Amino acid sequence: MVDVSRFLLNREYRKLYELFGEELRLLVTVEQFEALAEEYTAGVKAFHITMDDTLNRIRMINWMDDSGQKGIQAMIDEKGTIGGLMLSPIERFPESDAKQTDSVFRLPFNGQWYVFWGGENVVDNYHYVEESQRYAIDVIKTENAMSYKGDPSKNESYFAFGEEILAGARGKVVGIENNIMDNEPVGMTNETEPVGNYVIIDHGNSEYSLYAHLKQGSVCVKEGVEVEAGDLIGLCGNSGNSTEAHLHFQVSDHPDLFRVNTKSLNINWFGDIKVKRGQMVYGGV
């Protein structure tokens, strides 16, 4: 195993840099990385693994220091090449972390899904840094630690593509989009329409759930209709700013995600479950 934390704590920065993939080296020179790593690890005595998982033959490892204030995230391929590395201070927002939605939400799908992004720090959840998306989750479907089978450039190869997406709680549909093409070949993104096809549901008390990146033409509810928790609203897709089929789900205090003051709300999940990066979660009855 490539122990990134050991290289850093032993100040073996150049040895670690030699393991960087070509794209990562284009982002930072060895001298820049040495300076960054030296500053980041100052005063740190130990890092501890908080997540170690493999997806699509890429090993994903997170570390955190004893203070809980510094994190590391690495993505390492089967040859030991580091394709992604993040050294990130752990900023926390305890006030909003502690305040959950009034509505209780069930997981908006059936069966077993994998949490690719989710949690209450930026290492587990890249959304966390942005107030408007802080408690969003991104989930995919996997089998045997793979999110697809067959040609990875085709949407139909991904286990999540075309899966049913369900209302998370009772409410009224107040926004939909159904005409955005799914990205193909997979890996291309549509940054012009970042949310892709979506459904927005008003649950009262200024709580609005968003189901994003749905499959083109799959949205099966109309604005103004009332839905119950578990009602079918569309199918999982790969539309918008999405690199593969997945569901982006969040609850906000306003239906417009891109309004300047819109805030993401920490979700009160049925059964008091925690939805965190690297976990399998189970929807349905």
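One table, with the values for the structure above:
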quantity	calculated
Matching entry among K172, K215, K222 (being crowded, with 19+ Cβ neighbours inside 10 Å, modelled with pLDDT of 95 or more, over 23 Å from I58 (Cβ atoms) and not aliphatic (A, V, I, L, M))	K215
Residue under evaluation G162, criteria (1) out of contact with any Cys (no Cβ under 8 Å at 6 or more places or on another chain); (2) surrounded by fewer than 18 Cβ atoms within 10 Å (Cβ to Cβ); (3) part of a loop (DSSP other than H, G, I, E, B), criterion not met	(1)
Subset tally (residues that are in contact (Cβ under 8 Å) with a residue 12 or more places away in the chain and open to solvent by 100 Å² or more (accessible area, probe 1.4 Å)) for segment 6-28	3
Lone qualifier among N144, N190 - being touching a residue at least 40 places away in the same chain (Cβ under 8 Å) and of a type in the set (S, T, N, Q)	N190
Residue within segment 188-209 that is of a type in the set (G, A, S), farther than 27 Å from T101 by Cα, open to solvent by 30 Å² or more (accessible area, probe 1.4 Å) and in a loop (DSSP other than H, G, I, E, B) present	no
Looking only at segment 54-101, and only at residues there that are within 24 Å of R25 (Cα to Cα) and small (G, A, S), the one that is modelled with the lowest pLDDT	S88
Candidates R25, R59, R14, R92, filtered to the one that is touching a strand residue (DSSP E or B) at 6+ places or on another chain (Cβ under 6 Å) and charged (D, E, K, R)	R59
Those residues of segment 54-70 which are more than 23 Å from E22 (Cα to Cα) and out of contact with any His (no Cβ under 8 Å at 6 or more places or on another chain), in sequence order	S67, G68, Q69, K70
The listed residue being more than 12 Å from the chain's Cα centre (by Cα), more than 23 Å from Y208 (Cβ to Cβ) and either at pLDDT below 95 or of a type in the set (F, W, Y) (or both), out of F161, F105	F161
Residue identified as open to solvent by 60 Å² or more (accessible area, probe 1.4 Å), under 23 Å from the mean Cα position of the chain (by Cα) and among the aliphatic types (A, V, I, L, M) among M60, M75, M64	M75
Subset of segment 13-68 [within 26 Å of V115 (Cα to Cα) and of a type in the set (S, T, Y)]	T50, T54, S67
Extreme residue, nearest to Q279 (Cα to Cα), among residues of segment 109-135 that are among the small types (G, A, S) and more than 12 Å from the chain's Cα centre (by Cα)	G111
Verdict on Y135 being free of Cβ contacts under 8 Å to residues at least 60 places away in the same chain and not in a strand (DSSP E or B)	no
Test set (1) open to solvent by less than 40 Å² (accessible area, probe 1.4 Å); (2) within 12 Å of the chain's Cα centre (by Cα); (3) over 16 Å from S252 (Cβ atoms); (4) not aromatic (F, W, Y) - D138 fails condition number	(3)
So E120, is it surrounded by fewer than 21 Cβ atoms within 10 Å (Cβ to Cβ), touching a Phe, Trp or Tyr at 6+ places or on another chain (Cβ under 9 Å), under 24 Å from T262 (Cβ atoms) and acidic (D, E)	yes
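A quick yes/no check of all residues on (1) of a type outside the set (A, V, I, L, M); (2) on the phi > 0 side of the Ramachandran plot; (3) open to solvent by less than 50 Å² (accessible area, probe 1.4 Å):
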{"site": "S96", "(1), (2), (3)": "yes, no, yes"}
{"site": "P108", "(1), (2), (3)": "yes, no, yes"}
{"site": "W113", "(1), (2), (3)": "yes, no, yes"}
{"site": "S132", "(1), (2), (3)": "yes, no, yes"}
{"site": "K154", "(1), (2), (3)": "yes, no, no"}
{"site": "M181", "(1), (2), (3)": "no, no, no"}
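The values are calculated or read from the model by the stated rules, or taken from the named source; none is laboratory data. Here the structure is a predicted model, which is why all the values come from computation and not from measurement. FYI the Cβ positions are ideal-geometry reconstructions off the backbone, even for glycines, and counts take in every protein chain you see. Note: areas computed on protein heavy atoms with side chains; ligands, DNA, RNA excluded. Shrake-Rupley method; radii C 1.70, N 1.55, O 1.52, S 1.80 Å.
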